[in-house]
Every structure is written in structure tokens, then in C-alpha cells.
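This report refers to the structure that appears directly beneath it.
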Amino acid sequence: MKVSHVSAADHDLVTAAVAAAEDQTSGEIVTVIAAQSNDYDDVALVWASVIAFLAMSVIALFPEFYRGLYDRLTGGWGHELTANQWLGTVIAVGVLKWIGMWLILLWRPLRIWLTPRAILAARVRARAIDLFKVGTEAKTLGRTGVLLYVSLREHRADIVADEAIAAKVSPEVWGDAMVALIDRVRAGKPGEGMAEAVRQMGVVLAAHFPRGSENPNELPDRLIEL
């Protein structure tokens, strides 16, 4: 099934921006957009375990309250639970809480919302590096490839540059391009954001890697969707 996160017009906009930027530099820009960078199953596991532990801890801390609640629910006709039966009840409550929280966290937006920002940023960065290694790193003669990666659900983006570019351009230099990108993505205009980021990346690349007499197009200009 074809993946489509942006419109055909956005594809044309980004592709044109890449071609225009590369016309001024020997650098090669690859653009990738993805719905999400990670499933965050481990985060859901931690949250489900924390909620289950808290539920069991509350019962352990206030046993008389829950014994009274049990009596009210049974109308006073329930038999007195033994220590082992109470332990089994507490464990059962914990298991039910764990399952319930896990099912709730199947809703991806909540899972991402509960994930700390630092983890989101790290996962997006890791995904960007993986994609860079597969499709961009050492794929150009002068090691002048650079990847622009956007992960929509995390509202995060990253730029990963090949060896020759990284040696001359510090990560902070891409700051303006990243700001322009994120502002437009948040406004619901990912295509415009990526195109503007590409334009600003082209300015940086042209300053350090101006176009030579031979400027082969070694990497695809089109926007790649994952």
C-alpha cells in the first residue's frame, strides 16, 4: 500500500527545492518524511508496570479501606478473606491494571504524549542516522550527502551530514533551517517547511561546497515517504 503523508503538491515543492539547492552546490540533499520513528513499546511497558505497581501499593497501604469496600460490595455476606486470598486479590488487581493501561496505550498519540521529550528526540535521531547510513552515507564521490528527516507524530526533525560536510559544518549551523521547518510543520504545512529548510541548507552547502565544473546528481531529489 502506498504511503502518503503529504500531498502531490508538497512532493513537487520539495523536489523543486532540492533541485534548486543542488544547482548551487556539489552537496547532495536527501529528504525523508515518516509518520513515526519508533513504536515506543518499551515506554508503554514502563507506564503499564508503574500503574499496576501503584494500584497494588495503594491497596497494601490502605487495607482496611479496601476490606470495607469489599464488605459493602458483598453486602456483608462475603466470607473473610485469608492473607493468601488478599494477596491473590492484590495481584489480580495489578494484572488487570497492567492490561488496562497497555490497552489504553495502544492509542499511539497517548503513547507518544507520555514519552519524555528526551526519548522522543533520541529515537528520531537514531532513526535519522539509520536511514542516513542506508541511503546517504558514502553514496557520493566527495562524501557530500546530507539527509533531512522529518518524523510527523513526534513533531521532530533532524539533519545528518556525511563526513566531508560534518568536518566543515557544525550541527548548530543547521539551526535556522530546523526552526523554519518545525514552525511550518506545526502549522500543518510540512511540504513548505521541508522546502524552506532545503533552501537554507542549500545556502550553507553552497558556501562550503560550491558547484564545480562537473556536478552529477548522485542521489534522488524526490521526497521519500516511509
| task | Go through (1) at pLDDT 90 or above; (2) among the acidic types (Asp, Glu); (3) more than 27 Å from the chain's Cα centre (by Cα) and name the single condition GLU80 misses. | result | (1)
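For (1) among the β-branched types (Val, Ile, Thr); (2) touching a residue at least 60 places away in the same chain (Cβ under 8 Å); (3) at negative phi, each residue gets a yes or a no:
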residue	(1), (2), (3)
ALA9	no, yes, yes
LEU13	no, yes, yes
ALA17	no, yes, yes
GLY27	no, yes, yes
ILE33	yes, yes, yes
TYR40	no, yes, no
LEU45	no, no, yes
SER49	no, no, yes
ALA60	no, no, yes
| request: Pairs only if they're at least six apart or on different chains, beta carbon under 7 angstrom, first in the range 121-137 and in a helix (DSSP H, G or I), second of a type in the set (S, T, N, Q); list them, first residue then second. | output: ARG123/SER37; ARG123/ASN38; VAL124/SER37; VAL124/SER151; ARG127/SER37; ARG127/ASN38; ARG127/SER151
| remark: Taking the range 153-195 and keeping only residues that are in contact (Cβ under 8 Å) with a residue 40 or more places away in the chain and touching a Leu at 6+ places or on another chain (Cβ under 9 Å), one is left with GLU154, ARG156, ALA157, ILE159, ILE165, PRO190, GLY191, GLU192, GLY193, MET194, ALA195
| said: Let me spell it out: the conditions are (1) within 30 Å of ALA177 (Cα to Cα); (2) modelled with pLDDT of 90 or more, and ILE99 meets all of them except one. Which number is the exception? | reply: (1)
| message | If a residue must be in a helix (DSSP H, G or I), open to solvent by less than 80 Å² (accessible area, probe 1.4 Å) and in contact with a Leu (Cβ under 9 Å, 6 or more places away or on another chain), how many such residues does the range 99-113 contain? | response | 3
| note | Scanning the range 9-68 for residues that are within 22 Å of ILE129 (Cβ to Cβ) and open to solvent by 60 Å² or more (accessible area, probe 1.4 Å), the one nearest to the chain's Cα centre (by Cα) turns out to be ASP39
| query | For the range 191-212, how many residues meet the condition of being closer than 23 Å to ALA34 by Cα and at pLDDT below 90? | reply | 0
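Out of the range 105-123, which residues are of a type in the set (Val, Ile, Thr) and over 12 Å from ASP41 (Cα atoms)?
ILE119, the sole residue that qualifies.
The values are calculated or read from the model by the stated rules, or taken from the named source; none is laboratory data. Note that the structure is a prediction, hence the values are computed from the model and not measured. With ideal geometry, Cβ positions are generated from the backbone for all residues, glycine too; neighbour counts draw on all protein chains shown. These accessible areas exclude ligands, DNA and RNA; they are computed on the full protein's heavy atoms, side chains included. Shrake-Rupley method; radii C 1.70, N 1.55, O 1.52, S 1.80 Å.
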